[in-house]
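First the structure, in the form of structure tokens, and then the observations on it.
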Amino acid sequence: QLHSDQDKGDGSLKYILSGDGAGTLFIIDEKTGDIHATRRIDREEKAFYTLRAQAINRRTLRPVEPESEFVIKIHDINDNEPTFPEEVYTASVPEMSVVGTSVVQVTATDADDPSYGNSARIIYSILQGQPYFSVEPETGIIRTALPNMNRENREQYQVVIQAKDMGGQMGGLSGTTTVNITLTDVNDNPPRFPQSTIHLRIPESSPVGTAIGSVKATDADTGKNAEVEYRIIDGDGTDMFDIVTQKDTQEGIITVRKPLDYETRRLYTLKVEAENTHVDPRFYYLGPFKDTIIVKISVEDVDEPPVFSRSSYLFEVHEDIELGTIIGTVMARDPDSASSPIRFSLDRHTDLDRIFNIHSGNGSIYTSKPLDREISQWHNLSVIAAEINNPKDTTRVPVYVRILDVNDNAPQFAVFYDTFVCENARAGQLIQTISAVDKDDPLGGQKFFFSLAAVNPNFTVQDNEDNTARILTRRNGFSRHEISTYLLPVVISDNDYPIQSSTGTLTIRVCACDSRGNMQSCSAEALLLPAGLSTGALVAILLCIIILLVIVVLFAALKRQRKKEPLILSKEDIRDNIVSYNDEGGGEEDTQAFDIGTLRNPAAIEDKKLRRDIIPETLFVPRRTPSAPDNTDVRDFINQRLKEHDTDPSAPPYDSLATYAYEGNDSIAESLSSLESGTTEGDQNYDYLREWGPRFNKLAEMYGGGESDKDTS
């Protein structure tokens with residue numbers, strides 16, 4: 001209540017209120033100065049309000065006293081419960097932690113005035129989660145309450161914490177929150193194999209690196225605490241097998257380290273150990289953190305391919321050996337206990353020229369063709385070995401054949417020499433330096449000797465003893481008008497065994513030279529005649545060329561003669577029905593000359609069908625004739641057609657023979673080309689026709705009858 005000393009109670013004064021909440025939250029009675037609150041006041045919204053009051057004259061509205069300021073302070077009551085910032089908390093603590101290990105701290109707040117009474121004094125308690133966890137009443141820190149809590153037994157816990165004001169006394173307000181606590185893993189469990197022994201099997205043919213099987217130890221821990229490393233610590237197969245740890249599956253994969261052999265050993269025993277890679281020293285007392293298992297591996301028998309005694313073979317042989325000589329032998333055996341016999345063969349893709357062969361039974365390789373080191377110094381063969389009982393299972397081995405050199409090639413001139421001698425040459429003058437080459441390759445190197453095949457009065461050879469020689473003149477002066485070219489045979493021999501030699505002919509031209517010995521002109525080109533090409537060979541080549549030319553000329557003349565030969569002979573000739581086609585028919589298989597179907601079925605003759613045996617000069621419309629009945633005999637049909645063509649002016653007289661000729665049995669007279677009736681009209685002796693058999697009796701009567709009549713007369 002506000003009251004002015006000037007207020008006499010007659011209502012002449014008026015009280016005015018201003019400041020925080022004036023007119024809304026606080027109102028004043030103008031007459032009495034009483035201040036009232038219009039609604040419930042919450043300290044948590046505002047703890048105090050500053051107001052100003054003044055008394056004025058109601059009529060003049062003038063202040064009767066100075067304005068005064070006062071503060072309204074709100075007294076707190078316990079009207080707010082404690083609250084947590086999170087409805088649900090998540091926390092974790094390692095398993096096997098000692099009692100009192102801090103897990104998490106939860107804190108609640110109270111909006112009441114902490115300085116006024118116990119309205120904001122909070123006490124924490126646990127409503128759910130005992131006896132595993134506890135909470136400190138003053139701080140809200142949650143701690144473990146039981147020792148050795150094992151994650152493998154229980155991993156998740158839910159704890160309910162209560163916060164109560166008024167110091168936890170009765171009548172205080174409270175709030176709760178939930179804390180989900182997870183036990184994190186520690187390495188407190190060793191790996192364990194589910195069994196003490198495991199049995200695996202593998203074929204002996206498995207290559208190195210093949211996985212045989214796997215072993216796996218279980219670990220109740222998780223993550224890196226469950227990581228296990230496998231190794232072989234003992235057994236009789238430590239050098240034959242390996243074990244690899246598979247990180248993603250935590251398995252130990254056993255693999256083959258060396259080739260297996262059933263016939264050598266059939267059973268191996270391994271002792272495999274699994275050990276944790278991350279061991280916590282705090283839990284050594286729970287160890288040891290490893291376990292072992294016995295692995296027995298049985299090797300299964302497989303029909304293995306043959307095995308060669310070596311991985312490769314090298315044979316050396318001289319190139320002059322005789323055919324069929326054995327150059328070496330390969331050996332292979334069946335590694336199986338059955339010991340089947342072996343068959344050998346050569347891979348012909350490695351010996352396309354079939355120079356070598358092999359005995360299928362004993363593996364001996366021998367030559368089937370001559371060897372030549374100069375053509376091929378090495379031969380790389382592949383020998384195949386297969387069991388006779390199982391030929392599909394094969395093994396290959398490389399065989400290298402080195403051909404050793406034999407002195408079987410004679411030395412020859414190294415290059416072509418264009419040699420000339422000046423007409424004004426002096427005796428002893430050098431005109432050419434020659435050298436030689438040899439396809440052979442002796443161990444001591446090449447050594448050649450040069451000499452003349454015979455004493456030459458014009459030139460001589462001087463051996464330089466360094467595989468070269470000098471050609472020198474033996475006299476003064478040469479005349480190209482007398483002799484323009486000299487042939488100088490030079491003998492070249494080597495020093496290997498057996499000694500090989502050859503003769504090379506050096507062609508020396510005689511040329512005109514200046515005073516310095518420079519060639520100006522020569523009468524002929526110098527030729528180096530190869531030693532192997534003799535004069536007889538050149539003559540033979542020329543004769544062959546002349547013979548070929550004569551054959552070509554004769555062939556052209558015959559073709560020209562045949563073109564001039566008349567196609568139809570004289571009408572007076574009684575053989576006017578014989579036509580020369582200048583070619584030989586195709587026999588019974590020749591279906592182009594005529595269609596035999598027409599003879600068999602005369603009604604099938606097509607209209608307007610042109611003749612196929614000749615090319616007519618002018619086209620004409622064939623004359624239709626009534627066809628013979630279907631059962632007409634072939635002979636009658638031919639006779640009928642023959643009469644038609646005899647009276648047909650558009651058909652040549654030879655058409656009948658060309659179209660309807662039949663080929664009989666083999667003739668003992670062979671060809672009729674010897675008649676040559678078109679080449680002469682003189683008298684000839686045809687008595688030999690009677691010797692050709694009864695088929696030619698008619699022909700013999702026609703051509704031989706005249707002379708027989710003369711004889712009889």
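Farthest towards the positive end of the charge dipole of segment 88-184, among the residues Ile122, Thr182, Thr90, is the Cα of Thr182, using unit charges on the Cβ of Lys, Arg, Asp and Glu.
Scalar couplings 3J(HN,Hα) for segment 247-252, obtained by applying the Karplus form with A = 6.51, B = -1.76, C = 1.60 to θ = phi - 60°, are 5, 6, 9, 6, 10, x Hz; x denotes Gly and Pro.
Taking amide H atoms as placed 1.01 Å from N in the peptide plane, the amide H of Gly129 lies under 5 Å from those of Val160, each 5 or more residues away in sequence or on another chain.
Give me the 1.4 Å probe accessible area per residue for segment 307-404, excluding ligands and nucleic acids, in Å².
Values: 5430 Å² over 98 residues.
With all protein chains present, segment 307-404 gives 55 Å² per residue.
Projected over all directions and averaged, the alpha-carbon convex hull of segment 231-346 occupies 12.7 nm². Our coupling estimate for segment 474-486, obtained by passing each phi through the Karplus curve with A = 6.51, B = -1.76, C = 1.60 and θ = phi - 60°, is 10, 9, 9, x, 9, 10, 6, 6, 7, 9, 8, 9, 10 Hz, Gly and Pro reported as x.
Using a 1.4 Å probe on the protein chains only, how many percent of the accessible area of segment 88-184 belongs to carbon and sulfur? Summing carbon and sulfur atoms, their accessible area is 49 percent of the total for segment 88-184.
By average Cβ neighbour count within 10 Å, what is the ranking of 119-128, 249-258, 688-697 from highest down?
On the way: 119-128: 19.1, 249-258: 17.5, 688-697: 13.3.
Ranked by mean Cβ neighbours within 10 Å, highest first: 119-128, 249-258, 688-697.
Accessible surface computed residue by residue for segment 88-184, with neighbouring protein chains in place and a 1.4 Å probe, gives 49 Å² per residue. Looking at segment 13-73, the pairs of alpha carbons with a distance over 13 Å make up 63% of the total.
Using the Cα centre as the reference, give the magnitude of the dipole from point charges on the C-beta atoms of segment 97-216 (Lys, Arg: +1; Asp, Glu: -1; all else neutral), rounded to the nearest 20 debye. Don't skip to the end; give the middle numbers.
Working: 8 positive and 11 negative charges, 121 e Å.
My answer is approximately 580 debye.
Got a number for carbon plus sulfur as a percent of segment 13-73's accessible area, 1.4 Å probe? Walk me through the numbers before you get to the answer.
Working: 1960 of 4000 Å².
That share works out to 49 percent.
Taken as Cα centroids, segment 276-315 and segment 410-470 sit 75 Å apart, rounded to the nearest whole angstrom.
Under 5 Å from the amide H of Thr255 lie the amide H atoms of Ile212, Asp242, Ile243, Val244, each residue being 5 or more positions distant or on a separate chain, with H modelled from the backbone and absent for Pro and chain starts.
Couplings 3J(HN,Hα) of segment 362-374, computed from phi: 10, x, 7, 9, 9, 8, 10, 9, x, 9, 8, 5, 5 Hz, in residue order, whole Hz [Karplus 6.51 cos²θ - 1.76 cosθ + 1.60, θ = phi - 60°; x for Gly and Pro].
If you build the convex hull over the alpha carbons only and average its shadow over all orientations, what do you get for segment 88-184? Give it in nm² to one decimal. Each step should come with its number before you reach the end.
Working: hull surface 23.8 nm².
Computed as one quarter of the Cα hull surface, the answer is 6.0 nm².
Projecting the Cα atoms of Ile483, Ala436, Phe420 onto the charge dipole of segment 412-521, computed from C-beta unit charges around the Cα centre, puts Ile483 farthest toward the positive end. Proximity of backbone amide H atoms, modeled 1.01 Å from N, is registered between Ser368 and Gly324, Phe356, Asn357 at under 5 Å, excluding neighbours fewer than 5 places apart on the same chain.
Which value, in debye to the nearest 20, describes the size of the charge dipole of segment 326-409 about its Cα centre when Lys and Arg Cβ atoms bear +1, Asp and Glu Cβ atoms bear -1, and nothing else is charged?
Working: 9 positive and 11 negative charges, 28 e Å.
About 140 debye.
The values are calculated or read from the model by the stated rules, or taken from the named source; none is laboratory data. Just so we're clear, the structure is a prediction, and the values are computed from it rather than from any experiment. Note that we place each Cβ from the backbone using ideal geometry, even for glycine, and neighbour counts take in every protein chain shown. Ligands, DNA and RNA are excluded from the accessible area calculation, which covers all protein heavy atoms including side chains. Shrake-Rupley method; radii C 1.70, N 1.55, O 1.52, S 1.80 Å.
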